[in-house]
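Written below as structure tokens is the structure these notes are about.
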Amino acid sequence: MLRALLLAAPGAGKGTQGTRLAARYGVPHLATGDMLRAHVADQTELGREAQVYMDRGELVPDDLVVRLAVGRIGAPGAAAGFVLDGFPRTLAQAVNAYEWAKTRDRMFHAVIVLDVPETELVARLVERGRIAGRSDDTEDTIRNRLAVYRAETQPLMDFYDARQILFALDGTGTIDEVASRIEDALVGRGLAPLG
Ligand code: ADP
């Protein structure tokens with residue numbers, strides 16, 4: 001049983017750790033970006049609505065994302081829990097999800113923040129951009145994306161810290177090292193993995 005949220009800057013290894021963590025606890029890894037892209041691909045009404053914002057690089061409106069995310073974390077497939085990725089992303093989404101969870105006995109156990117120094121994030125993203133030939137991964141745009149991330153995330157961290165479920169962990173080192181740091185923190189809260 002694990003209901004967790006992962007928060008990490010671009011380049012901090014959120015996808016990798018999210019997938020591993022979900023497998024370790026036998027719960028689905030739920031990424032709102034993936035869910036939204038699936039709706040866009042299927043041309044659902046929600047997908048058509050969301051696409052306008054996504055194409056502009058803007059956040060999709062809170063009510064739409066909350067509807068989507070809550071539908072998934074409340075579904076039978078998430079009965080044993082979930083690892084959320086990309087939601088909540090705004091304070092309004094966090095408050096909504098919190099109110100929803102409170103009345104249904106589905107409160108989050110842990111919000112895991114992976115801390116990686118900005119110099120290392122920039123180095124990783126510049127390298128990634130070089131390999132992929134992505135022109136938007138220049139050092140300036142990367143620094144800007146990181147600043148946006150910090151501004152977006154701080155209110156969420158404050159919200160979860162006040163509810164004593166925030167774990168800020170060192171996100172540097174090997175994939176295994178980071179994974180065991182996360183697991184140790186959760187086990188310390190009585191959240192045991194499978195096996
Ligand atoms: P990125 O980290 O680059 O934003 P994601 O895959 O997490 O990539 O999300 C892709 C897009 O989906 C975002 O740019 C945004 O438009 C939308 N999106 C995903 N999650 C949320 C959310 N919680 N609230 C609002 N919009 C979201």
Conditions (1) touching a helix residue (DSSP H, G or I) at 6+ places or on another chain (Cβ under 8 Å); (2) farther than 30 Å from residue 187 by Cβ -> residue 97 fails only (2)
Please verify whether segment 96-116 includes one or more residues that are surrounded by 14 or more Cβ atoms within 10 Å (Cβ to Cβ) and within 9 Å of the ligand (Cβ to nearest atom). no
Selection over segment 38-65 where residues are open to solvent by 80 Å² or more (accessible area, probe 1.4 Å) and within 7 Å of the ligand (Cβ to nearest atom) yields a count of 1
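Suppose we filter 22, 4 for residues that are of a type in the set (Gly, Ala, Ser) and either exposed (fewer than 14 other Cβ atoms within 10 Å of the Cβ) or assigned to a helix (DSSP H, G or I) (or both); which single one remains? Can you show your working first?
On the way: 4 fails: either exposed (fewer than 14 other Cβ atoms within 10 Å of the Cβ) or assigned to a helix (DSSP H, G or I) (or both).
Exactly one residue qualifies, and that residue is 22.
Go through segment 130-144 and give me each residue that's within 21 Å of residue 60 (Cβ to Cβ) and open to solvent by 80 Å² or more (accessible area, probe 1.4 Å). Break it down stepwise before answering.
Residues of segment 130-144 within 21 Å of residue 60 (Cβ to Cβ): 136, 144.
Selection gives 144 alone.
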Unmet criterion (only one of (1) within 18 Å of the chain's Cα centre (by Cα); (2) among the hydrophobic types (A, V, I, L, M, F, W, C); (3) at pLDDT 95 or above) for residue 191: (1)
Would you check if there is a residue in segment 71-82 being within 9 Å of the ligand (Cβ to nearest atom), over 16 Å from the mean Cα position of the chain (by Cα) and not in a helix (DSSP H, G or I)? no
Please go through (1) more than 9 Å from the ligand (Cβ to nearest atom); (2) surrounded by fewer than 17 Cβ atoms within 10 Å (Cβ to Cβ) for residue 33 and return the number of the only condition it doesn't satisfy. (1)
Provide a single number: the residues in segment 168-183 that are open to solvent by 60 Å² or more (accessible area, probe 1.4 Å) and more than 23 Å from residue 153 (Cβ to Cβ). 2
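Listed residues 152, 127; which is exposed (fewer than 14 other Cβ atoms within 10 Å of the Cβ) and either touching a residue at least 12 places away in the same chain (Cβ under 8 Å) or away from the ligand (no atom under 13 Å from the Cβ) (or both)? Reasoning before the result, please.
Details: 152 fails: exposed (fewer than 14 other Cβ atoms within 10 Å of the Cβ).
It is 127.
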Cross-chain or 6+ apart pairs with Cβ under 6 Å, segment 91-104 first and touching a residue at least 12 places away in the same chain (Cβ under 8 Å), then within 11 Å of the ligand (Cβ to nearest atom) and of a type in the set (D, E, K, R): 92/62; 93/62
Would you confirm, using the coordinates I've provided, whether residue 68 is crowded, with 17+ Cβ neighbours inside 10 Å and more than 11 Å from the ligand (Cβ to nearest atom)? no
Among the candidates 42, 105, 63, single out the residue that is of a type outside the set (Gly, Ala, Ser), farther than 26 Å from residue 11 by Cβ and modelled with pLDDT under 95. 105
Residues located in segment 141-177, provided they are within 25 Å of residue 96 (Cα to Cα) and among the charged types (D, E, K, R): 150, 152, 158, 161, 163
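The values are calculated or read from the model by the stated rules, or taken from the named source; none is laboratory data. Please read all numbers here as calculations on a predicted model, not as lab measurements. A quick note on method: Cβ atoms are made from the backbone with ideal geometry, for glycine too, and the neighbour counts reach across all protein chains shown. We work out accessible area using only protein heavy atoms, side chains counted, and drop any ligands, DNA or RNA first. Shrake-Rupley method; radii C 1.70, N 1.55, O 1.52, S 1.80 Å.
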